[in-house]
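The values are calculated or read from the model by the stated rules, or taken from the named source; none is laboratory data. Quick caveat, the model's predicted, so the values are computed rather than measured. Cβ atoms come from the backbone with ideal geometry, glycine included; neighbour counts cover every protein chain shown.
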Amino acid sequence: MPKRRRNPQTELAHGLVAATIARYPREFVGVVMAIAATLAIFVNALFMQHGPHPAPIFATRPFVRHPAPVVLPRPHPAAPATQAAAAARSLGEIVSDIQRALAARGFYQGAVDGLWGAKSDTAVREFEQAAHVKLDPAPSESLLRAITASHIKAAPPQTPSAAAAPDPAPASEPVHTDAIAKLIGPSPRILEIQHALADFGYGQIKPTGVLDADTRAAIEAFERDRHLPVDGRISSHFVRELATMTGRSLEQ
């Protein structure tokens, strides 16, 4: 078998290395140990660290762990409110409740019929005066809440002895009961009073200008509602009360 030819240059390099090692053995050992330590550091930093190095050689972008998206429950449509609670009450029901509340406090003496008339309006105004408040007299839920939240009671009706002394006889209108009085002509004052009483629901009065039985009955009903002495006369006190309630000028 032919022998491999030796390369003179290679043998020369090997000889130089061997001579250098033999001449500087300590330095050679130090270089070998330095190379081994460097390799150990690189291996430890690159492959044996579980987390990022506190001072990495090459800056890298931090790994951002994005939280898993939270799936919110799908909102259910709001259940519609109960029809009975959501539906607005009728005006008649509101008026009936207002009449009951006023009657319980002594301000309303009429029938609880759900009809808003002169008696209901008068009772609300009397409640305002007694409670010292200003309310919208129109029937509404807010008016009902204001009445039910108050503990005001109506003052008891005055007896004739405790009431103010009746006006002198000339302050009342004479009763026209004969044919001669009817021929003289109707009284404009009585005519205006009859119109006011009829417009505010105090009886089926035919405005004639004559103080007849129907007019006297309507006056007595008004006096009872306003807690006045019931005598059926057109006194100055009665005229003032009627003018205050109706807003009309009846002083003639």
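Being surrounded by 15 or more Cβ atoms within 10 Å (Cβ to Cβ) and touching a helix residue (DSSP H, G or I) at 6+ places or on another chain (Cβ under 9 Å) is the filter here, so list the residues in region 85-105 that pass it.
94, 95, 97, 98, 99, 101, 102, 103, 105
Return the residue satisfying two criteria in turn: it lies in region 220-252 and is among the acidic types (Asp, Glu) and modelled with pLDDT of 80 or more, and of such residues it is nearest to residue 120 (Cα to Cα).
225
Return yes or no: is residue 120 farther than 17 Å from residue 155 by Cβ, small (Gly, Ala, Ser), modelled with pLDDT of 85 or more and surrounded by fewer than 18 Cβ atoms within 10 Å (Cβ to Cβ)?
So residue 120 does not fit the description; no.
Of the residues that make up region 195-212, is at least one crowded, with 19+ Cβ neighbours inside 10 Å and polar (S, T, N, Q)?
Looking through region 195-212, none of the residues is crowded, with 19+ Cβ neighbours inside 10 Å and polar (S, T, N, Q).
Search region 185-207 for residues that are touching a residue at least 40 places away in the same chain (Cβ under 8 Å) and pair each with any residue that is among the charged types (D, E, K, R) when their beta-carbon atoms are under 8 Å apart and the residues are at least 6 apart or on different chains.
189/173; 190/173; 192/248; 196/248; 200/121; 201/119
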